[in-house]
Amino acid sequence: MTPEERKLLQETYDISLENNKMLHKLHRSIWWGRVWRLVYWGVILAGGVGVYVYLQPVLLGLLGSYEEALSGIDSLKSTSEQIKGSMPSNLGNTQDLIKQLQGMLGGGTSN
């Protein structure tokens with residue numbers, strides 16, 4: 001082997017060693033990237049489940065309060081309908097009602 005061929009072979013060997021080091025670094029970088037991506041999504045999913053578990057009782061309590069408020073409103077509506085149904089229909093508007101009350105009480109101002 002001539003010295004020129006030996007030098008060329010040595011340069012090729014050095015380049016292949018450098019290439020091998022770079023490939024190992026690249027492989028290690030890809031592996032750590034996958035690990036950190038897995039950790040990232042694990043934290044996001046665990047956080048979502050944790051928030052759901054923590055907030056579920058609070059949201060159920062709020063939903064129960066909302067349902068109670070709605071049932072109270074329905075109760076008020078039915079009570080007002082009952083009161084409306086029991087009042088005489090010939091009362092008219094508020095002015096007429098006031099005049100009737102003044103007339104029944106025997107007083108009032110003359111207009």
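Values in this text are rule-based calculations from the coordinates and carry no lab data. Please read these numbers as outputs of a predicted model, since none were measured by experiment. All Cβ positions, glycine included, derive from the backbone under ideal geometry; neighbour counts span all protein chains shown.
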- Which ³J(HN,Hα) values, rounded to whole Hz and listed in residue order, are derived for the stretch 18-35 from phi using the Karplus coefficients 6.51, -1.76 and 1.60 in 6.51 cos²θ - 1.76 cosθ + 1.60 with θ = phi - 60°, glycine and proline given as x? 5, 4, 4, 5, 5, 5, 5, 4, 5, 4, 5, 5, 5, 4, 5, x, 5, 4
- Length gained if Y52 through Q100 is fully extended, taking 0.36 nm per residue and subtracting the Cα-Cα distance, is 11.1 nm
- Query: Could you give the length gained on full extension between R28 and E67, defined as 0.36 nm per residue of separation minus the Cα-Cα distance, in nm?
  - Reply: 8.4 nm
- Message: Using only the Cα atoms of the chain, what semi-axes does the equivalent ellipsoid have when each is the square root of 5 times a gyration tensor eigenvalue? Give whole Å, largest first.
- Response: 96, 17, 9
- Note on the structure: Placing each pseudo-label 7 Å from Cα in the direction of the beta carbon, S16 and S78 end up separated by a distance in nanometres of 9.1
- Message: So if I place +1 on the C-beta of Lys and Arg and -1 on the C-beta of Asp and Glu, and nothing else carries charge, what would the dipole magnitude of the chain be about its Cα centre? I want it in debye, nearest 20.
- Response: 180
